[in-house]
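The values are calculated or read from the model by the stated rules, or taken from the named source; none is laboratory data. Predicted model, so just to flag it, every value in this text is computed and none were measured. Reconstructed Cβ throughout: ideal geometry from the backbone, glycine too, with neighbour counts over all protein chains shown. Note: accessible area is taken over every heavy atom of the protein model, side chains too, but ligands, DNA and RNA are not part of it. Shrake-Rupley method; radii C 1.70, N 1.55, O 1.52, S 1.80 Å.
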Amino acid sequence: MTTVDPAPPPPMRLRELVFGAACAAAVRAAARLGVADAMGDTPMTVDDLAAAVKTEPRTLRRLLRALSCQGVFTEQPDGTFAHTEMSRLLREDDPHSLRYIALWCTEPWTWDVWPKLDEAVRSGRNVFQDVYDREFFAYLNEDAPESAYVFNRAMTTSSRQSAQDVANLLDLTGVTSVADIGGGQGHVLASLLEKHPSLHGALLDLPGVVENADPRLREGGALASRVRVVPGDCREDIPVRADVYIIKNILEWDDESTRRALANVRRAARPGARVVVIENLVDDTPSMRFTTAMDLLLLLNVGGAKHTRQSMVERLSEAGLVIGEIRSVNAYLHAFECTVPV
């Protein structure tokens, strides 16, 4: 039976850290093999599980043992394996599934750029173009369709899971219109429109993104009559007027792109309009291990960065916005309530 040392001494903890790639690879392998989907609600033998996912039993046991040490699956005294709260998150049908996020964070290109982190730290710029000789999103959309698919599914998963939290947080009393800037497929906007039947909304994102907008927002959808879908790049222009602008998880590019996006919001918004910026922070949050890791990955692939509370305040102030309350949306998101000066 696999056991876990809850508090390893520093020398062993450091050894575990430098083998972190093995942990990530094990999670990726389990997700790609569909192990969590094949495991039922009762413990299964390795032989039965191996038959279900078409692997060798002996090597599958080794994978499950490694994952069980991390709390992903658990080994029973009789040698069978069962689900844990974490392993269920790898199921595709789980309402809180992180399967595609796990795959996205371990895509093949990540293994090529992580070893060059020291170069990125020295230079302060991304190293992705050094490795692939092209910009990250061009590579993703033109050369890596499977990875692009995983990215889109991961972003959809993340947006859906946080959309209701955002809808529950925002007080839209007296608001008639809201614009979701860089809002992806519009899950946050859809949640807001469902909660507020008199609200009208606009969704702005790149053409290739909004063409796959949430079915509720597209022609014939339940919310379509109250939505304007606007193809565009918020770094270039924001041709939308609204009472409230929502900017969620897009201000993590290079500083110049962030400044341009905020300047465009400031230019589009009427005096007194609200601007709600929602971001992961690398400080003052219970999810720092995750957000600081994502911060480093952003440095590697696009030269971007996650914000601290202070750096976000500085960017918003530079854009001429008046910052009000800063609140937690959930364990990993913060909302900055701002207004456009009158």
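For Val340, what is the net charge nearby, where nearby means another residue's Cβ is under 11 Å from its Cβ and Lys, Arg count +1, Asp, Glu -1?
In short, +3.
Spin-label point model (7 Å from Cα, Cβ direction): what's the Ser317 to Glu16 distance in nm?
Calculated label separation equals 4.0 nm.
Sequence gap at least 6, Cα distance under 8 Å: using those rules, report the relative contact order of the chain to the nearest whole percent.
12 percent
Heads up, I need the accessible area for Val210: 1.4 angstrom probe, whole protein in place, Å², nearest 10.
It works out to around 10 Å².
With θ taken as phi - 60° and the coefficients 6.51, -1.76 and 1.60, list the Karplus ³J(HN,Hα) couplings across segment 216-230 in order, rounded to whole Hz; mark glycine and proline as x.
Calculated HN-Hα couplings, in order: 5, 9, 7, 3, x, x, 5, 10, 4, 5, 10, 10, 10, 9, 10 Hz.
Please give the length that would be gained between Glu92 and Asp171 if that part of the chain were fully extended, namely 0.36 nm times their separation in residues minus their C-alpha to C-alpha distance (nm, one decimal).
Gain in length upon complete extension: 25.2 nm.
I'd like to check one number: the per residue accessible area of the chain, probe 1.4 Å, reported in Å² as a whole number. Don't skip to the answer; put the middle values down first.
Numbers: 17000 Å² over 342 residues.
Value returned for the chain: 50 Å² of accessible area per residue.
Kindly write out, for segment 297-303 in residue order, the coupling ³J(HN,Hα) from the Karplus curve 6.51 cos²θ - 1.76 cosθ + 1.60 (θ = phi - 60°), rounded to whole Hz, with x marking Gly and Pro.
Running phi through 6.51 cos²θ - 1.76 cosθ + 1.60 with θ = phi - 60° gives 5, 5, 4, 5, 9, 10, x Hz.
Ignoring everything except DSSP H segments at least 4 long, calculate the 222 nm mean residue ellipticity for the chain; use -39,500 (n - 2.57) per segment, divide by total residues, nearest 500.
About -13500 deg cm²/dmol.
Let's see if you can work this out: charge +1 on each Lys and Arg Cβ, -1 on each Asp and Glu Cβ, no other charges. What is the dipole magnitude of the chain about its Cα centre, in debye to the nearest 20?
380 debye
If amide hydrogens are placed 1.01 Å from N in the peptide plane, which non-local residues have theirs closer than 5 Å to the one on Val329?
Residues meeting the amide H criterion: His334, Ala335.
First compute the accessible area of the chain with a 1.4 Å probe, then give the percent of it belonging to carbon and sulfur atoms.
Numbers: 9110 of 17000 Å².
The nonpolar share, carbon plus sulfur, comes to 54 percent.
Going by the alpha-carbon gyration tensor, a ≥ b ≥ c the square roots of its eigenvalues, is segment 170-288 rounded (a/c under 1.5) or, if a/c is not under 1.5, prolate (a/b greater than b/c) versus oblate? The partial results should precede the final answer.
Values: a/c = 1.42, a/b = 1.35, b/c = 1.05.
Verdict is rounded for segment 170-288.
To the nearest Å, what is the center-to-center distance of segment 246-299 and segment 9-56, using C-alpha atoms only?
Using only Cα atoms to place each centre, the spacing works out to 34 Å.
Pop the C-beta distance of Thr84 and Thr45 into the FRET formula with R0 = 22 Å and round what comes out to the nearest 0.05.
Details: r = 17 Å, r/R0 = 0.79.
Given R0 = 22 Å and the Cβ-Cβ separation, E is 0.80.
Assign one of three labels to segment 247-296, namely rounded, prolate or oblate, based on the Cα gyration tensor with a ≥ b ≥ c the square roots of its eigenvalues; rounded applies when a/c is under 1.5, prolate when it is not and a/b is larger than b/c, and oblate otherwise.
Oblate, since a/c reaches 1.5 and b/c is not below a/b.
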